[in-house]
1. Given N residues in the range A:136-205, what is its alpha carbon radius of gyration divided by 2.2 N^0.38 Å?
2. Partner chain Cβ atoms within 10 Å, averaged over the residues of B:16-26 - can you pull that number for me?
3. Local charge sum around B:Lys85 (other residues, Cβ-Cβ under 10 Å, Lys/Arg +1, Asp/Glu -1)?
4. Are there any trypsin sites (Lys or Arg not before Pro) in the range B:70-106 that are in a DSSP loop and have at most 10 other Cβ atoms within 10 Å? List them by number.
5. In chain A, which longest range has no GluC sites (Glu not before Pro) that are both DSSP loop (not H, G, I, E or B) and surrounded by at most 10 other Cβ atoms within 10 Å?
6. Would you mind giving the mean number of other chain beta-carbons within 10 Å of the Cβ of each residue in A:130-136, as a whole number?
7. Based on Cα positions only, what radius of gyration and what Dmax would you give for the range B:75-194, in angstroms?
8. Which distances in nm, rounded to one decimal and ordered from shortest, link the label point of A:Gly67 to the equivalent label points in the other identical copies, with labels set 7 Å from Cα toward Cβ?
2 protein chains.
Amino acid sequence: MICTNKNCFSTETIRRLSVYLQNLRRIRETGTHTISSREIGAILNVTPAQFRKDLSYFGEFGRRGVGYETDQLISVLEHILGVNKAYYIGIVGAGRLGRALINYHGFAGSNIRVRAAFDVDPEKIGTVVHGITVYAMDDFFATVREHGIDICVLSVPVEGAQQATNSIVAAGVKAILNFSPVILQVPDTVYIQNIDMLSELERLIFYLNNDTSR
Amino acid sequence: MICTNKNCFSTETIRRLSVYLQNLRRIRETGTHTISSREIGAILNVTPAQFRKDLSYFGEFGRRGVGYETDQLISVLEHILGVNKAYYIGIVGAGRLGRALINYHGFAGSNIRVRAAFDVDPEKIGTVVHGITVYAMDDFFATVREHGIDICVLSVPVEGAQQATNSIVAAGVKAILNFSPVILQVPDTVYIQNIDMLSELERLIFYLNNDTSR
């Protein structure tokens, strides 16, 4: 459950809004300028009522039975999510996963930009991966400031994860997307999202084995 | 919040248990047979109290100030999570992401086994990727039954995601790990976990922009 100063809603609502946005951007690419409530339902795979409900936490948008302008809807969603300006990402750890993330195609059309990568390996420092320079962790603070890094993606081995996190926090970065299978300790003022396929699968297995109320 | 017939606890508890398990398996590989409460804290990056609390939802394990046997602790965690038997995974969609998932190194040491992959592309059907055969979606039901698939990982393009999901549900598979940026409709009896980097980043950006109570 997330509460802003206006409203409370589930974290799944935020995920749905992000998915709506990704799919509407895709639709816009095909030259679709207006979209009916019914089409929204079909494209986003939710009922028009669910779509309206998700938006309703954030204000009044559109009217029942009347279509939306794609551009306007995208603007509204970008505004709600706060992604109506560019966000700069630093990839901490330029190994196999880190390099794949630098080249991640899913950012196309979004306002998320990978700006810098970091590593401790002298062999990697100074190399350029898909146009992104790999900097030394020793230059982390200066590089974060120079590039205006807002969010760090953590893709280092387990052993180095907390130390890298300490550097990220000390540099004033307030959000971390963590790919390491490790519990990270951060101050309450720093947000973490964890992505770990094995954990997600084991969570599914837990659900499969337990009589969980949903 | 998840509730079993015994207890309620946060979904983060389940993630932590899975991370504990991954790290304890790693420690066992190095030949560590016993482990003190203090070492647990250092290795898992949580306080011994947090560790005991997470386990306490599921029974009484270990005693304050006394060490654990690594093997026993791993068994307890595997038992809690229900991963003390093998689980068989089907990868639905053998594109760039699907092939990377087949070769995912993070499953090493776990009881999770990729058993089959599926695609609709005649060029891919019948090929073998890192030892795993790519089957036709037309043979989905029979192959799921033959290989005893418990969980499907969905890595198809957005356009085909719901149709593939319908096949998964119809085949009786009760858990889906979804990598497509799409809202999937499934019956209440089927569990879904979503992994989508852009959504996770946009969720972080939402947190950064809102005065959320944590």
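Quick note: the coordinates plus some simple rules give every number you see, no bench work behind them. Note that the structure is predicted; figures quoted are calculated from it, not measured. Here Cβ is always computed from backbone atoms with ideal geometry, including for glycine, and neighbour counts include all displayed protein chains.
1. 1.17
2. Rounded to a whole number, the mean comes out at 4.
3. In short, -2.
4. B:Lys85
5. A:124-214
6. 0
7. 13.8, 45
8. Computed spacing set for this position: 7.2 nm.
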